[in-house]
Amino acid sequence: MKIFIWGTGHVAHSYLCQNEVTEKDIVGFIQTNRTLKEWKGIKVYKPDEIEKIAYDYILVCIYGDARNIINTCNKNKIPLEKVLLIDNYEWIDGSSMRNIPESLYQSIQISNAQVHAEKYFPIFQSIRLGRENEFKEYGIIKKNKSDHIENNLLQSGLFEDIVYKLDYFRYRTFELIANEIERNGICGNCAEVGVYRGEFARLINARFKERKMYLFDTFESFDKNEYIDELASGNCSEGFRETFTDTSIEKVLHNMIYPEQCIPRVGFFPDTAIGLEEERYAFVSIDVDFEKSILEGLRYFYPRMSEGGRIFIHDYNNCFLGGVKTAVDKYEIENEMQIVKIPIADEGGTLIIVKQ
């Protein structure tokens, strides 16, 4: 058996400690952006250096980067039928481990490899399949088996998808912010720009069930020209736009707890906000990843926020989406002001803005 191990971090180390593969099995290690010449005494390769090397499988020991790995494989003509992913967080089509469609394996041609994973690499397979359980006791829940903070929607049974556990701090912080908005009587409706499948919108809708919820999205992914600009600037990766095409208004509304309170505004923002100039907002989520769209979101919503209202800007501290932070900086410069900014340590590096 000749294998490559993709990854030289703690996941790869933990797997190798299981002794399922031996040193003689390992042809080499792979780093997406190589920083090492050797690891554990074995050569480290870049993805474009393995084409002429004979091997049976590549075991990808990296969490949270499946789509990027697959894109890199395609770019370097690495056969996907030899690729085994330990990642069950972010599958190629964005689905969670809870419901992996058979068509997913077929579509990326790794169904045979999946069978072989169970036959030849049962420990690798068990790590991959078992990761979902890690998040059942995530964060605050881990200590007491219960989150005793008030108004706990996340443990109500309405939010069982693993996405809410994987990004627990983002969603739980929102609930605490929502409690403050209600307690302080902050008026206004809610909105999200960049809805995608509606995971966050579902929670906002459930928590603010008495308020209108505006859903601003193309429901088709990003504007192609803006994507090209961001790609050229190094602010996103190739294939990033295609990642967000699997959505529709119907899917999003079906996901809502109180769909009668939701108002889809389909198209490119801020054109889709025409006619809402007098609207006031208590809570807004801006999750559109790119500099121009983030800046337009701030220009439109910040002046329309009620005092004490909050804006969540997703991916502010995401090292792969540099345009988000640039947009916030530009907004402050063009308005000669310093807004109240509170970063939080969630998976995407969200920034909370408080309207004064």
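Could you list LEU298, LEU176, LEU153 so that the one with the fewest beta carbons within 10 Å of its beta carbon is first and the one with the most is last?
LEU176, LEU153, LEU298
At 0.36 nm per residue, minus the direct Cα-Cα distance, what do SER126 and GLU160 gain on full extension? Give it in nm, one decimal, please. Let's see the in-between values first.
Details: separation 34, 0.36 × 34 = 12.24 nm, distance 2.20 nm.
Gain on stretching SER126 to GLU160: 10.0 nm.
Amide H of TYR214: which non-local residues (sequence gap of 5 or more, or other chain) have their own amide H closer than 5 Å, using H built in the peptide plane?
Counting only residues 5 or more places away or on other chains, the set is CYS190, ALA191, GLU192, ILE263.
Quick one: order VAL252, VAL340, VAL21 by neighbouring beta-carbon count within 10 Å, fewest to most.
Starting with the residue having the fewest Cβ neighbours, the order is VAL340, VAL21, VAL252.
Per residue of the stretch 261-266, in order, report the coupling 6.51 cos²θ - 1.76 cosθ + 1.60 (Karplus, θ = phi - 60°) as ³J(HN,Hα) in whole Hz, putting x for Gly and Pro.
After applying 6.51 cos²θ - 1.76 cosθ + 1.60, I find 8, 9, 10, x, 10, 8 Hz.
Find how much the distance from GLU336 to HIS10 grows on full extension, using 0.36 nm per residue of separation minus their present alpha carbon separation; answer in nm with one decimal.
Working: separation 326, 0.36 × 326 = 117.36 nm, distance 4.47 nm.
Extra length available between GLU336 and HIS10 comes to 112.9 nm.
Could the peptides 310-318, 50-58, 24-32 be put in order, highest first, of the mean number of other beta-carbon atoms found within 10 Å of their residues?
Descending mean neighbour count gives 310-318, 24-32, 50-58.
Need one word for the stretch 139-354: rounded, prolate or oblate. Basis is the Cα gyration tensor (sqrt eigenvalues a ≥ b ≥ c); a/c below 1.5 gives rounded, then a/b vs b/c decides.
Values: a/c = 1.33, a/b = 1.26, b/c = 1.06.
The shape class here is rounded.
Express in nm, to one decimal, how much length is gained between ASN19 and GLU238 on full extension, taking 0.36 nm for each residue of separation and deducting their alpha carbon distance.
Details: separation 219, 0.36 × 219 = 78.84 nm, distance 3.56 nm.
Roughly 75.3 nm would be gained on extension.
What is the fewest-to-most order of SER293, SER221 by other Cβ atoms lying within 10 Å of their Cβ?
Exposure proxy ranking, most exposed first: SER221, SER293.
Once the Cβ-Cβ distance between VAL354 and LYS212 is put in as r, and R0 is 30 Å, what FRET efficiency do you end up with, to the nearest 0.05?
For R0 = 30 Å, the calculated efficiency reads 0.90.
Determine, from the Cβ-Cβ distance of ILE53 and GLU250 and an R0 of 51 Å, the FRET efficiency 1/(1 + (r/R0)^6), rounded to the nearest 0.05.
0.60
Every number here is computed from the coordinates shown, using simple stated rules; none is lab data. Keep in mind it's a predicted model, so treat the numbers as computed, not measured. So basically every Cβ, Gly included, is an ideal-geometry build from the backbone, and we count neighbours across all protein chains shown.
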